Amino acid sequence: MLVRELVNPRAMSFTQDESAYANLKRGVTAHLRGDEERVILSCSVYNAFAPRLQAEVSLPVERSDDAGVWAVLGCGTRIGLAVSYPASYSIVEEHLTNVAAELGRKVIAIQLLTENVFAFADEEPERYGDVLAEAVRAARDVECIFLAQFSMDPFVARAAEQTQVPVISALEACLQRLAGPKRVPSVERNSAP
C-alpha cells in the first residue's frame with residue numbers, strides 16, 4: 001500500500017507526535033484486508049512508531065532501514081549515509097549506531113546529503129538522481145554507501161558508478177530479506193569483465 005499524504009515531501013522537519021502516529025495508524029489500518037503477514041514502513045520518519053503500531057495492529061512491523069542496516073554493518077565501520085529527507089537522518093543514524101553497539105561494534109555514519117532532495121523526487125527525478133550521484137562521487141574515506149530511503153532505489157546503479165565501494169539500497173536489502181538468499185542488496189561498480 002502507498003499512503004502518500006503521510007509525509008510532506010517539502011518539509012525540512014517532522015514532528016513525531018500523537019497526530020503523526022494517528023495518521024500512520026489510520027493510513028495502515030484502512031488498507032488491511034486480514035491476510036497480511038507484516039507491515040514494512042517505507043518512510044524512516046515513522047520508524048520510531050514501529051513497536052507501538054505492531055502492538056496495536058497485531059502484525060510484525062518492520063522499520064524501513066532494518067535490513068539495510070544489517071547489510072551495511074557487514075561492510076565496515078565508516079558508512080556513507082545518504083538520506084534524502086533531512087528529518088530522517090538522525091533517525092537512521094541512531095538506529096545504525098544502536099544496532100552496531102548491540103553487536104559490540106562501533107560505526108561512524110558520514111552524512112552525504114544535507115539538502116531535501118526528496119522534495120523533487122516525484123517532479124524532477126533526474127535532478128534527484130543527479131544530486132545523489134554527486135554526493136556519492138564526493139564521498140571519501142568510506143567503506144560502503146547506504147542509500148537509506150526507498151525513494152533512492154531507482155538510482156542505485158547510477159550511484160554505484162560513482163564509487164569503488166559497495167552501494168547498499170535499503171529497499172533491495174528489504175527485498176532480499178523477504179525473498180531469501182537469492183537477491184543481492186548491493187551493486188558493485190564495474191562488475192562486468
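Bear in mind that the values in this text are calculations on the coordinates, not laboratory data. Keep in mind the model is a prediction, meaning the values are calculated, not measured. Neighbour counts are summed over all protein chains in view; Cβ atoms, including those assigned to glycine, are modelled from backbone coordinates with ideal geometry.
Distance between the pseudo-spin-label points of I110 and E161 (7 Å out from Cα toward the beta carbon): 2.3 nm. In terms of the mean number of neighbouring beta-carbon atoms within 10 Å, the peptides 37-44, 84-91, 52-59, 23-30 order highest first as 84-91, 37-44, 23-30, 52-59. Between the alpha-carbon centres of the range 141-164 and the range 48-81 there is a gap of 18 Å. Applying D = kT/(6 pi eta Rh) to the range 1-159, where Rh is the Kirkwood radius over alpha-carbon pairs, T corresponds to 37 °C and eta to 0.692 mPa s, the Stokes-Einstein value obtained is 199 µm²/s.
Near the amide H of Q111, within less than 5 Å, lie the amide hydrogens of L81, all on another chain or at least 5 residues away, with H placed in the peptide plane.
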